[in-house]
Amino acid sequence: MGFIFLMNGGILDNPPDVVLFFGRFHPVVVHLPIGFLIMAILAQLATRWPKFKPLVMYLPLIWLLGAFSALLAVIFGYFLSLSGGYDEDTLFWHQWGGITVMLLSFGCYFINKKWSNSLSTPKWILVFIVGLLLMFTGHMGGNLTHGSTYLLEYAPNPVRNMAGLPSKVEPREKVTVLDSADVFLDLVLPMMQTKCVSCHNEGKNKGGLLLTSYGNMMLGGESENTIIPGDALKSELVRRITLPEEHDDFMPSEGKLPLTDQEVLLIKWWIKIGAPPNGFVTELDTEKAVSSLVSNYLGLDKNNLFNKKVPPPNRSIVDSLIRHGFVINPLMKDNYFLEANFSLSEYDLKAADIDALLELKEQLVWLNLGNSHLKDAYLEKIGLLLNLVKLDLRGNEITDDGIKHLSKLENLESLNLYGTKVSKGVLDLVPKLTRLKKIYLWQSEVSKETITLLKEQNPGLTVIFERD
Ligand code: HEC
């Protein structure tokens, strides 16, 4: 047999495409011998019971199917190994495990064919060994594709420790304020984990490079200048992620989801400041070069109201509003933002209610005062509820005079003026509401012309003017 050349993959340094093509079928084909051989082992065991004795005549056939499909898997597996990038030790054991399983399966075939009725001990030992080797080889194959930590990644710690793995690391808590963002743990490492480690892990260190931890990254890969602290442009890693996507060396390869422009910038910055293993972005970013980029990247937009923590509301004020017909609900589990709704109340809205709402100014983000006999005069105070994100004023007799008081509501994203008496005044108001995304103006006194103007002047805005 010509398997000796398996020992050194160097014989075929530049394997032709057709070889690599068949190699890719190894993971598919390999399930055939697994299936046949498990069936063969079970059938062999079953023949010990008189009832299953007749199976004996099929045993050679099943073993032969197992052996030949194992041979096919071995060949394709060898082709696959030529594409390189696999952990050498694991590959060695997987390869020879597979070859041995294949040879022993042919052995089982011959034994069952020649001495079909003997129950000799050597035969059983052989079958047992095939079973064990099959499991071992399969496991090594799994480690090759998924990395040796894959199987026990979610195992309980005692099981992990028994297998010589460290206890699970607690997942890092999501950063909520920029001051606590760590340059490596919150920026660089998560990028590697989502976009790179599928090929650069312990089982499959493509290019000799592991991107699973700080230490491994700094060890680098074949190029020896993978990461040069302080010099982003000389770092191979930066070269790889900034090439045109169609370039052969571009990373991630094989059309995998590339890093975004933001991510590339952040990695370059990290290397430029010396590729530190940790440290707070705000402290490292002495030139304020990336802080706003980082807060945007981590979704920590400082102006975003919902990233603020608000104190709990005054209980007695909430209770009094509820007694006056308000429905008040918390909006989030871990923050005290509130929604207040008066639109279903049977009472009339009073000036005192508006004053009570003002006491909840910090917490109140959604307010529904639809059909509440609200007057223009009240809007002056409503305009002071600066945290409002959604305001519903539908069905009230309010006019342009009233809504001009709303111009300070810079968190407002949705404003409902359906069925009110407002008209041209919206043209002045809307540009001041910088976050406004949606305005409802159906059955108000706003003319078609005003709507056209409004849309022209505020391209990002959704104007709802017809019943939809
Ligand atoms: C689909 C698999 C795959 C993914 C995903 C992938 N790589 Fe690679 N990488 C490879 C292969 C294969 C090589 C070796 C062949 C080569 O040099 O192009 C390599 C080589 C490299 C090298 C050169 C090693 C050295 O130091 O000489 C660097 C750097 C690298 N990758 C970085 C990355 C980064 C960063 C990512 C994530 C953005 C990434 N790779 C994602 C497959 C991948």
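The values are calculated or read from the model by the stated rules, or taken from the named source; none is laboratory data. Small disclaimer: the values here were computed from a predicted structure and weren't measured. Positions of Cβ are backbone-derived with ideal geometry, glycine not excepted, and every protein chain shown enters the neighbour counts. Note: accessible area is taken over every heavy atom of the protein model, side chains too, but ligands, DNA and RNA are not part of it. Shrake-Rupley method; radii C 1.70, N 1.55, O 1.52, S 1.80 Å.
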Whole-Hz Karplus couplings 3J(HN,Hα) for the range 418-423, θ = phi - 60° and coefficients 6.51, -1.76, 1.60, Gly and Pro as x, run 4, x, 9, 9, 6, 9
Per 20 angstrom bin, beginning at 0 and ending with the bin that holds the maximum distance, the Cα pairs of the chain fall in percents of 18, 30, 26, 20, 6, 0
A correct Stokes-Einstein calculation for the range 67-148, using the alpha-carbon Kirkwood radius, 37 °C and 0.692 mPa s, returns a whole-number D in µm² s⁻¹ of 241
Over its alpha-carbon atoms, the range 82-123 yields an Rg and a Dmax in Å of 15.7, 47
As straight-line cross-link partners of Lys390, the qualifying aspartates and glutamates (C-alpha separation under 12 Å, not fewer than 8 residues apart within one chain) are Glu339, Glu410, Glu413
Residues whose modelled amide H sits under 5 Å from the amide H of Gly221, counting only those 5 or more places away in sequence or on another chain, are Thr226
Probe 1.4 Å, all chains present, heavy atoms only: Trp93 accessible area in Å², nearest 10, is 140
Once all protein chains are kept in place, His94 shows an accessible area at probe 1.4 Å, nearest 10 Å², of 30
Computed over the chain: longest principal axis from alpha-carbon atoms vs helix 121-146 long axis, angle to nearest 10 degrees, is 30
Relative contact order of the chain (C-alpha contacts under 8 Å, at least 6 apart) in percent is 7
Descending packing, highest mean Cβ count within 10 Å first, for 182-190, 361-369 is 361-369, 182-190
For Met218, Met39, Met140, Met102, the accessible-area ranking with a 1.4 Å probe, largest leading, is Met39, Met218, Met140, Met102
Dividing the helical contributions, -39500 (n - 2.57) per DSSP H run of n ≥ 4, by the residues of the chain yields a 222 nm value, nearest 500 deg cm²/dmol, of -12000 deg cm²/dmol
So, over other residues within a Cβ distance under 13 Å of Ser180, counting Lys, Arg +1 and Asp, Glu -1, the net charge is -3
Taking alpha-carbon centroids only, the range 283-332 lies from the range 436-461 a number of Å equal to 29
Amide H contacts under 5 Å for Asn205, restricted to residues at least 5 apart in sequence or on another chain and with H modeled in the peptide plane, are Asp87
Taking every other residue with Cβ under 10 Å from the Cβ of Ser343 and scoring Lys and Arg +1, Asp and Glu -1, one gets 0
Applied in sequence order to the range 389-406, the curve 6.51 cos²θ - 1.76 cosθ + 1.60 (Karplus, θ = phi - 60°) yields integer Hz couplings, x standing for Gly and Pro, of 9, 9, 10, 10, 10, 4, x, 10, 7, 9, 10, 4, 4, x, 5, 5, 6, 8
So Phe22 and Tyr150, fully extended at 0.36 nm per residue minus their Cα-Cα distance, gain in nm 43.5 nm
Computed Rg/Rh for the range 178-297 (Cα atoms; Rh = Kirkwood radius) stands at 0.94
Ignoring ligands and nucleic acids, Phe128 exposes an accessible area, probe 1.4 Å, in Å² to the nearest 10, of 140
Once Lys361 and Leu293 are pulled to full extension, the length gained, defined as 0.36 nm per residue separation minus their Cα-Cα distance, is 21.4 nm
One finds, for Leu453 and Ala377 with R0 = 22 angstrom and r their Cβ-Cβ distance, a FRET efficiency to the nearest 0.05 of 0.20
Expected sort for 255-261, 145-151 on mean C-beta neighbours within 10 Å, highest first, is 145-151, 255-261
Log10 I(q)/I(0) at q = 0.14, 0.20 Å⁻¹ for the range 380-466, from Debye over equal alpha-carbon scatterers, is -0.39, -0.85
Too long for a 27 Å Cα-Cα cut-off, among Lys375/Lys438; Lys333/Lys455; Lys308/Lys455; Lys174/Lys206, are Lys333/Lys455; Lys308/Lys455; Lys174/Lys206
Output ordering of 236-245, 196-205 (per-residue mean of other Cβ within 10 Å, highest first) is 196-205, 236-245
Once Glu245 and Phe128 are pulled to full extension, the length gained, defined as 0.36 nm per residue separation minus their Cα-Cα distance, is 37.0 nm
Ordering Lys408, Lys51 by the accessible surface of their heavy atoms, 1.4 Å probe, largest first, yields Lys51, Lys408
Heavy-atom accessible area with a 1.4 angstrom probe orders Met162, Met57, most exposed first, as Met162, Met57
Longest principal axis of the chain (C-alpha) makes with the long axis of helix 31-46 (C-alpha) an angle, in degrees to the nearest 10, of 60
Share of accessible surface on carbon and sulfur in the range 178-297, whole %, 1.4 Å probe and ligands ignored, is 53
Note to self: with every protein chain in place and a 1.4 Å probe, the chain gives an accessible area per residue in Å² of 57
